[in-house]
Amino acid sequence: MRVIIDRDKAADLGVTVASIAAKILPMDYTAKYKGAADTMKESPGLLLFALLRGTVMAYMVLAAQFESFMQPVIVLLSMPLSFIGAFGALVLTGKTISIFSMIGMILLMGLVKKNAILLVDYTNTLRERGMPRREAILEAGPVRLRPILMTTFAMIFGMLPVAAGLGEGAETRSPMGVAVIGGLITSLFLTLIVVPAAYDIMVIGLQFMAKQTVTRRQKDISRLLRERRRKWKDADGKMKNRKGIKKK
């Protein structure tokens, strides 16, 4: 038996199918996705895999660019900050998490990192010029604020027609635009606060670990020197005892 329904645009497909199946199907029958719905059911897992693989590739590229294993982690912190805005925008506009909204989150993965890259890269440049860590962090924010604002607002205005759903069939792509715009807005403000703080904490932590390593090595060297001196003294004492025995 085939049932064709005209569901509400804001309603979730899975909830709609389950509710209708419970009303019209006998007890021995179950509802099953077919065709495009079956493909849509498998798509979230594939998109999550693409998101994970993209994150790993982004980390590898950033590690090669900054020649560091820790600074790419700071850059990637901007990704969960953007997801906060993406989910919040979907809730505020009444959109559901669909394939298009997940595609928007994958887009965010590549878009929002540029703010953190600008901040971290310029902070490293100032530190290479001899500026202290804290002053370099405070200087990088105002200097890089203009390019961050320009690129972010350009992307937001570019996604406005998609988010508005203008045109025939455009409402299906609307969640993608809404997710991208929400993620860009929250990333714009939170990245300027979280990334400099994370950079400062990272440098302090690395310096502390380096001091601990140097102190540990110095203690090991001192212990080895003490052991060698004790062995030399024991060896000298044995030699003196042997000479005394020979004289007797």
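Odds and ends about this structure:
- Environment charge at residue 155 (Cβ cut-off 14 Å; Lys +1, Arg +1, Asp -1, Glu -1): +2
- Rounded to 0.05, the FRET efficiency of the residue 227 and residue 134 pair, given R0 = 45 Å and the Cβ-Cβ distance, is 0.60.
- Averaging over all projection directions, the Cα-based convex hull of the range 177-221 occupies 3.8 nm² in the image plane.
- Highest mean first, the peptides 201-214, 88-101 sorted by other C-beta atoms within 10 Å per residue fall in the order 88-101, 201-214.
- Computed extension length for residue 70-residue 157: 28.0 nm, one decimal, from 0.36 nm per residue of separation with the Cα-Cα distance subtracted.
Laboratory data are not the source of any read-out in this text; all were calculated from the coordinates shown. Bear in mind that the values here come from a model prediction, so they are computed numbers and not experimental data. Cβ coordinates were reconstructed from backbone atoms using ideal geometry, including for glycine residues, and neighbour counts include every protein chain displayed.
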